[in-house]
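What follows is one structure encoded as structure tokens, with my remarks underneath.
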Amino acid sequence: MTRLLLFAILLIVVARLFWRLVDAVIAGAARGESAAGSARRAPVKLVRDPVCGTFVPPRAALSVTAGGSTHYFCSEECRRKFDSRQ
């Protein structure tokens with residue numbers, strides 16, 4: 001009876017170690033795929049277009065300074081609509 005109990009405990013420990021190993025391999029493979037194509041970059045804070053509500057990165061957006069604040073736009077059309085409202 002004692003042997004059976006010890007064997008069951010050993011089986012549980014081995015099974016648990018096996019699944020932890022499988023989980024680690026899967027997590028490592030997922031991290032490797034996301035970082036394989038490009039190096040880690042700092043997150044970019046997005047700004048919202050006041051006309052259509054689209055979020056755009058400030059470096060790629062068109063901008064207008066009006067009333068002491070800078071407004072960013074996703075397209076020339078949105079910038080024109082904003083200018084016509086002013």
### Task
With the condition kept exactly as written, say whether any residue in the range 39-55 is small (G, A, S) and at pLDDT below 90.
yes
### Task
Kindly indicate whether any position in the range 50-59 is free of Cβ contacts under 8 Å to residues at least 24 places away in the same chain, surrounded by fewer than 10 Cβ atoms within 10 Å (Cβ to Cβ) and not in a helix (DSSP H, G or I).
yes
### Index of the failed condition, R40 passing every other in (1) within 30 Å of the chain's Cα centre (by Cα); (2) not in a loop (DSSP other than H, G, I, E, B)
(2)
### Residues of the range 77-86 classified as surrounded by 12 or more Cβ atoms within 10 Å (Cβ to Cβ) and in a loop (DSSP other than H, G, I, E, B), total
0
### Task
Output the residue which, of all residues in the range 62-76 that are at pLDDT 90 or above and part of a loop (DSSP other than H, G, I, E, B), is surrounded by the fewest Cβ atoms within 10 Å (Cβ to Cβ).
S75
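The values are calculated or read from the model by the stated rules, or taken from the named source; none is laboratory data. In this text, all values refer to a predicted model and were calculated from it rather than measured experimentally. So basically every Cβ, Gly included, is an ideal-geometry build from the backbone, and we count neighbours across all protein chains shown.
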